[in-house]
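Below are the structure tokens for one structure; questions will follow.
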Amino acid sequence: MRGTTDRIALDIHVHSDASYDGHEPIELVLEHAADIGLDGVVITDHDRIEASREAAKLAPEFGLTGIPGVEVSTEHGHLLAVGVEERPPAGKPFDETVHRIREFGGAAVVPHPFQRTRHGVRKRNVTDCDAIETYNSMLFTGYQNRRARRFARARGYAEVGGSDAHHLMNVGRAVTVVDLEDPVERVGDVAIDQVVDALRAGRTRVHGMRTPVHRSAIQYGVGATRKVAYLLTSRLPYVRPRPRAVAEFMAEN
């Protein structure tokens with residue numbers, strides 16, 4: 001977008017290569033987002049926020065608004081923290097994590113709700129949040145998106161869209177249009193709290209396109225394999241290396 005605007009289009013659910021299941025460096029994600037006409041992306045790596053903070057700093061160089069975030073693994077499933085500079089601790093109860101996200105100045109967004117194979121939060125555990133991801137582009141039938149939409153509308157939660165992209169080609173396939181209370185001259189001038197306030201107030205609209213099924217299947221398979229490997233290796237005991245002395249090395253060579 002160029003000129004004064006009172007709305008921006010964001011993909012608020014994107015993974016980078018800093019995530020155990022991501023592939024793309026943040027600079028490439030930002031460049032691609034600008035090329036396809038987005039106003040910004042929120043990098044939401046799993047329980048890691050360093051790359052997202054860096055992406056938010058770099059975003060204005062690409063003509064984008066910079067919004068940091070993270071996908072937190074709560075005790076009850078995944079939760080997006082949009083607009084936070086600090087990562088909420090993982091493994092805590094859902095409600096406690098929502099509270100912590102708000103303390104950190106962010107908006108708590110439930111991604112791919114009710115989908116247990118994707119660590120979605122069960123319906124009974126969604127007792128409070130700021131928004132529901134009612135369009136996640138990584139879908140097979142669309143049933144879960146429709147279910148999420150019915151749930152959000154019945155309870156008055158804001159609706160958002162996110163691509164859940166782990167590959168560059170999927171970025172922007174689901175978009176959240178955020179209506180700003182105060183217009184800005186440039187997209188790069190949009191403040192984090194403007195986006196957070198809009199999410200909390202429900203000033204959002206959703207636009208989405210299905211990620212091709214074969215890409216979704218590949219992403220699910222690769223993601224599951226990498227997560228298993230990540231969990232296994234993270235639990236292995238640390239073995240201290242024994243560096244060989246220079247004299248020993250020289251004597252053998």
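The values are calculated or read from the model by the stated rules, or taken from the named source; none is laboratory data. These numbers were taken from a predicted model, which means no experiment stands behind them. Neighbour counts run over all protein chains shown; Cβ positions are idealised from the backbone, glycine included. Keep in mind that these areas ignore ligands, DNA and RNA; they rest on the heavy atoms of the full protein, side chains included. Shrake-Rupley method; radii C 1.70, N 1.55, O 1.52, S 1.80 Å.
Enter the accessible area per residue of the range 154-200 (Å², integer; probe 1.4 Å; all protein chains in place). If you can, show how the numbers build up before the last one.
Values: 1880 Å² over 47 residues.
That works out to 40 Å² for each residue.
Can I ask one more? What list of whole percents do you get for P(r) of the range 125-180, with Cα-Cα distances grouped in 10 Å bins up to the one holding the largest distance?
23, 50, 25, 2
Compute from the Cα atoms of the range 29-137 the Rg and the Dmax, the latter being the longest Cα-Cα distance, and quote both in angstrom.
Calculated on Cα positions, Rg and Dmax stand at 13.9, 42 Å.
Compute the distance in nm between two label points, each set 7 Å from the Cα along the Cα-to-Cβ direction, one at ALA90 and one at ASP128.
Distance between the two pseudo-spin positions: 2.5 nm.
Packing-wise, with mean Cβ within 10 Å as the measure, how do 91-104, 176-189 rank, highest first?
91-104, 176-189
Ignoring everything but the protein chains, give the 1.4 Å probe accessible area of PHE114 in square angstrom, nearest 10.
So the heavy atoms of PHE114 present about 20 Å² to solvent.
Using only the Cα atoms of the range 1-48, what are the Rg and Dmax in Å?
When restricted to the Cα atoms of the range 1-48, Rg and Dmax are 12.0, 38 Å.
Oh, and also: What is the percent carbon and sulfur in the accessible area of the range 18-93, measuring with a 1.4 Å probe over the protein chains and ignoring ligands?
Taking all protein chains in place, the range 18-93 shows 45 percent carbon and sulfur surface.
So if I restrict to the alpha-carbon atoms in the range 25-91, what is the Rg, and what is Dmax, the biggest pairwise distance, in Å?
12.2, 38
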